[in-house]
Amino acid sequence: MERGVRIVIAEDSVLLREGLTRLLTDSGHEVVAGVGDGEALVKTVGELADEGQLPDVVVADVRMPPTHTDEGVRAAVQLRQRHEGLGVLVLSQYVEEQYATELLAGASRGVGYLLKDRVAEVREFVDAVARVAAGGTALDPEVVAQLLGRSRKQDVLAGLTPREREVLGLMAEGRTNAAIAQQLVVSHGAVEKHVSNIFLKLGLSQSDADHRRVLAVLTYLGS
């Protein structure tokens, strides 16, 4: 994004919340609010929206007070349903398939699920926040691997070649065509051809051009 991203952080650990705030502000973004539980997250974003100041993205822990189970992801899902255009990126200590699936269900753009260890990779994390804010996806490779391992995905994938599945898996991680070409040691043109075939086989028309990458990933993971 040409401008800095406006972010709300929801994390009950004050130390981690302040650390994320510093990391993101040092990278040129603006953290407009930081909260410690799901209820406060929903309230804060709602108030900002009422003032015409809806943030670009919410970064939320999956587990927050009072029960430390699913308050964060439920708040994130609720906000995504209420506020069109709001990006949602959740952080989790482990891959929790139920929560990841719930977050992805019905999403059309601007969604991410990363493991907290990924925050240690500062550049990757900051890039992921900006990508989700801009309407893209950011899914941890471990999340992708576990969700794609489900047998119920086979009907969706039946028409894809092994290489096309590999390309789509890398797309789900948020990688560009150039990055995919580098990872697979193939030409940029070869990747473009695979991506075009994926769009065709998943029934994504040219009219979906702005978000076909996101729609392809979400069809792949959430069907």
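The values are calculated or read from the model by the stated rules, or taken from the named source; none is laboratory data. The model shown is predicted, which means the values in this text are computed figures rather than measured ones. Positions of Cβ are generated from backbone atoms using ideal geometry, with glycine treated the same way; all protein chains shown enter the neighbour counts.
Below, the figures for the structure above:
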{"read-out": "Within region 81-122, considering residues that are touching a helix residue (DSSP H, G or I) at 6+ places or on another chain (Cβ under 7 Å) and either outside the structural domain of residue 50 (by TED's automatic domain parsing) or aromatic (Phe, Trp, Tyr) (or both), the one nearest to residue 13 (Cα to Cα)", "value": "113"}
{"read-out": "All strands (runs of 3 or more DSSP E) inside region 64-159 with 2 or more residues being at pLDDT 90 or above", "value": "87-92"}
{"read-out": "Some residue of region 24-40 being surrounded by 24 or more Cβ atoms within 10 Å (Cβ to Cβ), more than 17 Å from the chain's Cα centre (by Cα) and under 26 Å from residue 123 (Cα atoms)", "value": "no"}
{"read-out": "Flag for residue 42 being part of a strand (DSSP E or B) and over 18 Å from residue 140 (Cα atoms)", "value": "no"}
{"read-out": "Residue within region 57-67 that is surrounded by fewer than 17 Cβ atoms within 10 Å (Cβ to Cβ) and not hydroxyl-bearing (Ser, Thr, Tyr) present", "value": "yes"}
